[in-house]
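Participant: One structure, as structure tokens, below. Some questions next.
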Amino acid sequence: MTDQVIAGTDLSRLRELNSLTVVRALRDQPPATVTELAKLTGLSRPAVDVIAQGLVTGGWATVVEPGGSSVVGRPARRYRFRATAGHVVGVDVGGHKVLALLADLDGEVTHTARRSVAADAGPAERLAALDEVLAEILRDSGKTAEDIWAVSVGVTGPVDASGKTTLFSPMPGWEHVDLPAHLSDRFACPIVVENDCKLAALAERWQGAASDANDIVYLLAGMRMGAGLIIDGVLRRGYGGAAGEIGALRAVRWLTAPQNLQRCPGVPATVSPDDAAAWVFNAARAGNRDAKTAVNRYVKDIAIGTAALVLALDPQVVVFGGGFSRSADLVLDPLQRELAKLCLRVPDVRASTLGADSVALGALRLALNEVDRRLFTAGLSAPIAPRRE
């Protein structure tokens, strides 16, 4: 009797694993026939045929009906992963804004919501803006919290295993915020909090300037400097979540580099400190000598920390991102020249192609990774399940 129970359990698990194998193949492919799926998975064609039909019934796949064809005989049906079975949310809680993106399970962004916040806003004000964008994105998309399979949030500062920025954060009072606890009042799905530089690096590898690379140093360049690291295709967090925080070492001059732009002679008194860098970049582009000198000094300063990371990690690509990436035309060539003076091998230096959305997009990618992790470890019976449309 015991042997029969064990055999039955093993057979059920085998079916589950085979189904997951087909789901994984569908996730990575355009619509595929049973024959194509059999080749991809190594399963028999009859087995795949049964599994595919079961996935359609269960809401994990849809049938792509064949179009018109002049070929004699009926064209084979194709199966596609049902990306609308669930949705994920990626959020960037930044110094000046809160940006939320909602996407299906293929990462296709369907809705966006944004709120501006003051740099000196306290936790209550910033959390209120977060709540507003989440409510807006659910309302506009016609979704409920139960339709969301994972939420990922990017914040400034190193993030520990609990999702808190206990080491430091440039956002006032944020080191005391328990973001997972705050969001768990609204969402029952997994909630993942990560550092903004790390998420931006993830986004650039996913669909940005470094999509062809496995070893990446991402520079978040703005009124503060930070770095995200991807080595061998894996996002590196470090033991306490502080990997890449080389700017904390004053000797590398990342902390003071933006001051070269803010203190540039000739910046009008009517220009705010937050806008001074944009003024300087525009003036340098127009040929202003003081502005060009300020930009060169800024590049020399950020090159020191960048070179330290390049020497330690030997990346294929350095991505220049963040708010200052809009002026990458003034930075990339001199930065590459400075690295050539400091490094044994100079990586390819590229400008971000994702701009201000990079952190939120990286949060989406991390949320999708969490969905896949749960799906392919816990199986189709995990507490994520398709809802019929």
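Participant: Report the convex hull volume per residue for the stretch 243-303, counting only C-alpha atoms, in Å³. Each step should come with its number before you reach the end.
Facilitator: Working: hull volume 5.3 nm³, N = 61.
Each residue corresponds to 87 Å³ of Cα convex hull volume.
Participant: Something else: For the stretch 275-372, what does the alpha-carbon gyration tensor say about shape, rounded, prolate or oblate, given a ≥ b ≥ c as the root eigenvalues, a/c under 1.5 as rounded, and a/b over b/c as prolate?
Facilitator: Details: a/c = 2.97, a/b = 1.34, b/c = 2.22.
Oblate shape, in that a/c is at least 1.5 and b/c is the bigger or equal ratio.
Participant: Any idea what diffusion coefficient the stretch 169-285 gets from Stokes-Einstein, in µm²/s, Kirkwood Rh on alpha carbon pairs, 10 °C, 1.306 mPa s? Could the numbers behind the result be given before it?
Facilitator: Numbers: Rh = 16.9 Å.
Stokes-Einstein gives a translational diffusion coefficient of 94 µm²/s.
Participant: Continuing with the same structure: Give me log10 I(q)/I(0) at q = 0.11, 0.18 Å⁻¹ for the stretch 108-244, Debye formula, one equal scatterer per alpha-carbon, no solvent.
Facilitator: -0.44, -1.18
Participant: Computed from the mean reciprocal separation of all distinct C-alpha pairs, what Kirkwood hydrodynamic radius does the stretch 160-218 have, in Å?
Facilitator: 13.4
Participant: For 255, 183, write out the residues from largest to smallest accessible area, computed with a 1.4 angstrom probe and no ligands counted.
Facilitator: Numbers: 255 95, 183 0 Å².
Result, largest first: 255, 183.
Participant: Highest mean first, what order results for 144-155, 230-241 on Cβ atoms within 10 Å? If you can, show how the numbers build up before the last one.
Facilitator: Numbers: 144-155: 22.2, 230-241: 14.8.
Ranking the peptides 144-155, 230-241 by packing returns 144-155, 230-241.
Participant: When the accessible area of the chain is computed with all protein chains present and a 1.4 Å probe, what percentage of it is carbon and sulfur? Let's see the in-between values first.
Facilitator: On the way: 9380 of 18170 Å².
It is 52 percent, rounded to a whole number.
Participant: In Å, what is the Rg of the alpha-carbon atoms in the chain, and how long is Dmax?
Facilitator: Cα-based Rg and Dmax for the chain come out at 24.3, 88 Å.
Participant: Now, a different point. Could you work out the Rg to Rh ratio of the stretch 290-336, with Rh taken as the Kirkwood radius (inverse of the mean 1/r over all Cα pairs)?
Facilitator: Values: Rg = 11.1 Å, Rh = 11.4 Å.
For the stretch 290-336, the value is 0.98.
Participant: Next up: Could you pull the accessible area for residue 40 with a 1.4 Å probe, rounded to 10 Å²?
Facilitator: 90
Participant: Okay, moving on. Only bridges with both residues in the chain count here: give the DSSP antiparallel percent, nearest 5. Numbers along the way, then the final one.
Facilitator: Working: 27 of 47 bridges.
Of all bridge pairs located within the chain, approximately 55 percent are antiparallel.
Participant: Report residue 285's accessible area, 1.4 Å probe, all protein chains in place, as a number in Å² to the nearest 10.
Facilitator: Per-residue accessible area (residue 285): approximately 100 Å².
Participant: Wrap a convex hull around the Cα atoms of the stretch 16-69, take a quarter of its surface area, and give that in square nanometres. Mind showing how you got there, number by number?
Facilitator: Values: hull surface 15.2 nm².
Across all orientations, the stretch 16-69 yields a mean hull projection of 3.8 nm².
Participant: Can I ask one more? Roughly how large, in nm² to one decimal, is the mean projection of the convex hull of the alpha-carbon atoms in the stretch 116-172?
Facilitator: Values: hull surface 19.2 nm².
Over all viewing directions, the stretch 116-172 projects a mean Cα-hull area of 4.8 nm².
Participant: Right, next: Determine the calculated [θ] at 222 nm for the chain from helices alone, applying -39500 (n - 2.57) to every DSSP H run no shorter than 4 residues and normalising by the residue count; nearest 500 deg cm²/dmol.
Facilitator: On the way: 11 runs with 163 residues, N = 389.
The helix contribution divided over the chain gives -13500 deg cm²/dmol.
Participant: Averaged per residue, what accessible surface does the chain expose to a 1.4 Å probe, in Å²? If you can, show how the numbers build up before the last one.
Facilitator: Working: 18170 Å² over 389 residues.
Accessible area per residue, the chain: 47 Å².
The values are calculated or read from the model by the stated rules, or taken from the named source; none is laboratory data. Please read all numbers here as calculations on a predicted model, not as lab measurements. Ideal geometry is used to build each Cβ from the backbone, glycine not excepted, and the neighbour counts take in all protein chains shown. Accessible surface is based on the protein model in full, side chains and every heavy atom, while ligands, DNA and RNA are left aside. Shrake-Rupley method; radii C 1.70, N 1.55, O 1.52, S 1.80 Å.
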